[in-house]
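Working notes, beginning with the structure itself.
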Amino acid sequence: MAGQQGSQGHSHKAHGKQTNKSFKSKHASKSSLRDQAKGRTHRPAVKGEASKATKQASQKVQAKHLKVNRKHHAKQVLDKKRRIVEDAKGIFAGKNRNGDRVQRVVAVVPMTEDVSSLDLVELLAQSIGGELSGVEGYRSLDVPKFHNQSIRFLILPPASRTTSLFPILDAASVADFTIIALSSEEEVDAQGETVLRCLTGLGVGGSNGGVFGVVKDLPGGNPTLASSTRLSLQSFLTHFFPSIERIHCVSAAPSASSAASSSAMATEDSSSSAAGPSSEATLVVRALCEKTPKGLRWREARPRVLAERVAWEKEDAATSTEGPSDEDRPKGFEGEDLGTLVVEGVVRGGGLNANRLVHLQGFGDFRVSKILLAPPSRPTKRNASAPSETMSVDGTPSTSAPFDPLSLPDDDADSLASTNIPDDDEFGLDEQTWPTEEEMASAPAARDRAEMPPPARPGTTPKLKKVAKGTSAYQAAWIIDDDEDEDGDLEEDEDDDAMKAEGGAAEEDQEEEEEETEFVDTAADETASVSARPFADLSPEQEEAQLKEYLSQRAAQRNTQNLDDLDFPDEVDTPLNIPARERFARYRGLKSFRTSRWDPYEELPRDYGRCFMLEDWKGMSRKMERRGQQVEGAEPGTRVIVHIANVPRRVVDEHNPLNPFALFGLFKHEHKYSIMHFTVQRNTENSDTVRSKDPLVLQQGFRRFAINPIFSQHTQRNGGRGANNVHKFERFLRHGINAHVATAYLPITFGNSPSLLLRVPTTSADAPNASPDQGIHLIGTGALLSSDATRITAKRVILTGHPFKVHKKTATIRYLFFNRDDVEYFKPVQLRTKTGRVGHIREPLGTHGYFKAGFDGPISQLDTVCLTLYKRCFPKWGRVWDGRPLPVVNKQDVQQHAALHEDEVDMA
């Protein structure tokens with residue numbers, strides 16, 4: 001052990017060794033100080049040390065200043081919060097420029113026939129001891145009890161009526177709050193649910209919480225029944241408006257249902273369990289006065305004016321002789337009396353500028369001639385029934401005295417030019433000969449002559465056709481004669497032989513049928529022509545019967561086509577009598593639908609040249625919304641008198657005084673047409689078959705259009721554009737979790753405004769051949785997507801063939817084409833099978849369309865060979881919907897269908 005310790009060596013650590021701390025000088029010289037400062041400057045040091053008293057005094061001064069700073073900071077925070085609250089209240093914060101408070105607009109929507117909106121408003125007024133004033137269509141209520149507010153109630157018809165949907169939507173578009181009035185006895189029908197879905201589609205009752213649920217007269221005497229009824233109604237209403245917390249009961253007899261009300265309230269809020277129906281009505285009025293309306297986001301940047309007084313003034317003689325210019329005259333009112341529409345009301349939303357156009361629902365866009373400041377005109381007892389508050393013609397409102405104009409149009413005023421002038425060189429029309437004025441004038445007559453059957457040649461014998469009894473001469477002229485069909489003659493001969501074998505009973509039946517048969521002279525004589533023959537109108541009963549039969553068969557045919565397209569999407573049969581290279585000449589093949597490039601400016605129609613193209617629609621929308629927040633012209637909350645130029649007289653004549661009348665201001669360029677795209681999600685409660693280019697009504701924000709949209713798939717990648725901005729055309733708008741994109745030529749709309757797609761009746765209810773279904777159906781809801789002229793909607797067509805012979809990767813295909821030239825024409829297009837194989841055409845075989853094809857793997861003889869072609873689709877031109885029925889069914893189509901049906905019956 002000693003030897004091991006000696007070999008390792010011994011080391012002893014001294015624990016008592018002293019280690020002195022090194023000297024650390026702050027600086028060695030002035031240069032070191034300068035280097036440490038690195039350019040910073042210091043205050044010169046005070047010579048000598050400050051006394052203790054001086055230090056204490058300086059600390060007190062600093063503390064004093066810190067306290068003042070804290071007070072100032074707290075005050076600034078408080079002022080900022082107050083400004084935020086005032087900005088949130090907006091025009092309801094105080095008095096406006098006219099020295100008056102702005103009324104809160106409330107739309108009262110009764111859901112059933114047994115609930116009256118006017119009776120409900122009267123009960124609300126009685127609950128606070130107030131008095132109503134106003135005329136038909138609205139009532140005003142002053143509420144000095146709650147912050148001296150004033151409420152304007154819009155009296156609306158029941159939602160169960162078909163004609164009440166659009167007035168309710170117009171009222172909800174301008175209202176600050178909406179009251180849904182329910183009944184405790186009647187249920188909401190399908191039309192009422194459509195109204196609720198349309199309101200939710202517009203954004204009413206979303207996060208803004210501007211919807212109140214009210215029920216009138218809960219069952220009395222049974223608290224349990226009243227409580228269950230209230231909970232059932234609340235469950236129904238919260239399905240559409242989740243922001244509704246409770247259903248308020250409004251009744252004229254508080255004692256009748258006070259027990260029911262208190263029992264229902266006890267389950268929700270113990271603090272208000274003793275409240276009766278009258279106090280609940282007071283709570284509704286109080287909430288309307290104290291709650292801050294948040295409004296709808298898509299409308300707050302645009303100015304709107306809810307009309308309180310409207311008048312139409314005819315133009316002066318001097319002005320009418322000159323007439324407005326083409327840019328100032330609106331389109332579609334040729335030959336009508338034009339004048340100045342004077343509208344008085346309060347500006348809401350953004351600032352109203354005379355340079356921007358205004359939109360009148362159902363009539364279009366118009367120019368503003370001037371905007372005047374109106375005096376305060378709060379409805380009182382003296383002027384509650386003043387006739388100047390309603391629509392008037394050839395008169396002016398009582399406030400039409402001269403005032404200083406708030407806004408006048410200048411050089412920056414928008415024009416009414418909605419379409420662009422297409423460049424013929426760009427669309428390949430420079431070499432075509434444009435028709436002369438004489439040819440254009442004679443075009444209608446030539447078209448009428450072309451639509452009528454040609455007259456008989458002189459000297460020919462008039463031919464008699466066997467037609468059904470009661471068929472007019474016009475219908476008989478379109479029936480194809482049986483002698484022209486040889487197969488039909490053979491079938492008739494076989495039927496005659498069978499009838500002879502049956503005996504004399506069949507002959508008697510045949511004689512009775514011949515007695516009921518009429519012979520119509522369908523040929524013209526030597527001097528008269530068929531085109532000069534007067535048209536024979538059918539009776540209303542016959543037209544109604546023909547229309548019902550045509551609509552039923554048309555609906556069945558469309559349903560069959562929808563199911564076939566669902567089972568075999570985009571598959572079509574190759575025509576036998578037309579070469580495929582001619583039938584599908586406008587189609588092309590793509591190697592990859594997702595990534596293959598497609599020139600968006602290739603072979604565009606002339607309508608594309610009429611549209612205005614936007615390079616960056618989203619950036620332009622943000623710019624217009626920021627500009628709308630800048631107050632230009634009349635400030636929000638100001639009572640104004642708006643003079644709208646060149647308005648037809650029927651705007652006043654056709655308006656129903658029971659419905660609200662409002663005008664909306666447009667952003668710059670929102671009158672111009674472009675290619676608009678909006679998303680559509682099918683309504684789950686609607687089962688109608690909707691096809692592309694079907695006539696529908698689009699509610700885009702506050703504007704309504706009659707459109708024939710085309711539908712396409714909604715791509716989520718790359719901001720909805722995908723890799724090449726090519727999207728598959730959809731023949732039908734189907735249900736599902738995925739939304740579709742609808743495309744139409746429409747005026748430009750900026751912002752993310754909601755979209756409602758509706759189907760209206762084909763004819764009016766008072767028409768002699770009115771359609772049996774007079775309801776308005778909600779097809780789907782969505783929102784505006786973009787305005788993109790480069791978005792390509794490609795229609796896909798799949799031609800299918802059958803493997804005739806198969807040898808490993810090579811197969812002989814038939815029934816895909818029916819001639820050799822078609823095989824050579826479509827040889828570059830790629831083939832695919834339903835099992836996923838890819839191949840190409842190698843060579844044609846014979847003259848009947850057979851060809852040899854090679855694939856990337858073995859195929860089965862049970863497989864189907866497909867050839868996919870694509871063609872770009874374009875929508876139809878949209879227009880402002882005037883509220884009239886859309887002509888979905890042509891009268892001539894119905895008559896031809898009836899004639900063919902009668903011909904088939906006669907042949908049978």
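The values are calculated or read from the model by the stated rules, or taken from the named source; none is laboratory data. Since this is a predicted model, take the numbers as computed values, not measurements. Virtual Cβ from ideal backbone geometry, glycine too; neighbours counted across all protein chains shown.
Listed values, structure above:
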quantity: Enumerated strands (runs of 3 or more DSSP E) restricted to region 90-179, each holding at least 1 residues that are in contact with a His (Cβ under 9 Å, 6 or more places away or on another chain) and over 30 Å from R884 (Cβ atoms); calculated: none
quantity: Every pair of residues 6+ apart whose Cβ atoms lie under 9 Å, when the first sits in region 811-829 and is more than 14 Å from K852 (Cβ to Cβ) while the second is of a type in the set (S, T, N, Q) and surrounded by fewer than 24 Cβ atoms within 10 Å (Cβ to Cβ); calculated: Y815/T574; Y815/T800; F818/T574; N819/T847; D822/T574; V829/T868
quantity: Any hit, region 142-149, residues being aromatic (F, W, Y) and in contact with a strand residue (DSSP E or B) (Cβ under 7 Å, 6 or more places away or on another chain); calculated: no
quantity: Members of region 607-619 that are farther than 11 Å from N420 by Cβ and basic (K, R); calculated: K618
quantity: Matching residues in region 738-780 - criterion: being in a loop (DSSP other than H, G, I, E, B), at pLDDT 90 or above and of a type in the set (S, T, Y); calculated: T749, S753
quantity: Contacts under 9 angstrom Cβ, first residue in region 86-106 being modelled with pLDDT under 80, partner among the acidic types (D, E), 6 or more apart; calculated: G90/E300; I91/E635; F92/D176; A93/E86; A93/D87; G94/E86; N96/E635; R97/E635
quantity: Residues of region 629-675 that turn out to be among the polar types (S, T, N, Q), in a strand (DSSP E or B) and over 14 Å from A311 (Cα atoms), as a count; calculated: 1
quantity: Hits in region 789-828 (condition: within 30 Å of A742 (Cβ to Cβ) and out of contact with any Pro (no Cβ under 9 Å at 6 or more places or on another chain)); calculated: A794, K795, V797, L799, T800
quantity: Strands (runs of 3 or more DSSP E) completely within region 692-731 that count 3 or more residues being more than 20 Å from R594 (Cβ to Cβ); calculated: 696-700, 703-707
quantity: Those residues of region 830-869 which are under 30 Å from A744 (Cα atoms) and surrounded by fewer than 21 Cβ atoms within 10 Å (Cβ to Cβ), in sequence order; calculated: T868
quantity: Residue match in region 630-643 (condition: touching a Lys or Arg at 6+ places or on another chain (Cβ under 7 Å), modelled with pLDDT of 90 or more and farther than 18 Å from R721 by Cβ); calculated: yes
quantity: Hits in region 307-350 (condition: within 30 Å of Q630 (Cβ to Cβ), out of contact with any Lys or Arg (no Cβ under 6 Å at 6 or more places or on another chain) and modelled with pLDDT of 85 or more); calculated: A307, E308, R309, V310, T340, L341, V342, V343, G345, V347
quantity: Some residue of region 613-628 being under 30 Å from R304 (Cα atoms), in contact (Cβ under 8 Å) with a residue 24 or more places away in the chain and part of a loop (DSSP other than H, G, I, E, B); calculated: yes
quantity: Members of region 351-384 found to be at pLDDT 80 or above and either in contact with a Cys (Cβ under 8 Å, 6 or more places away or on another chain) or among the hydroxyl-bearing types (S, T, Y) (or both), listed by number; calculated: S369
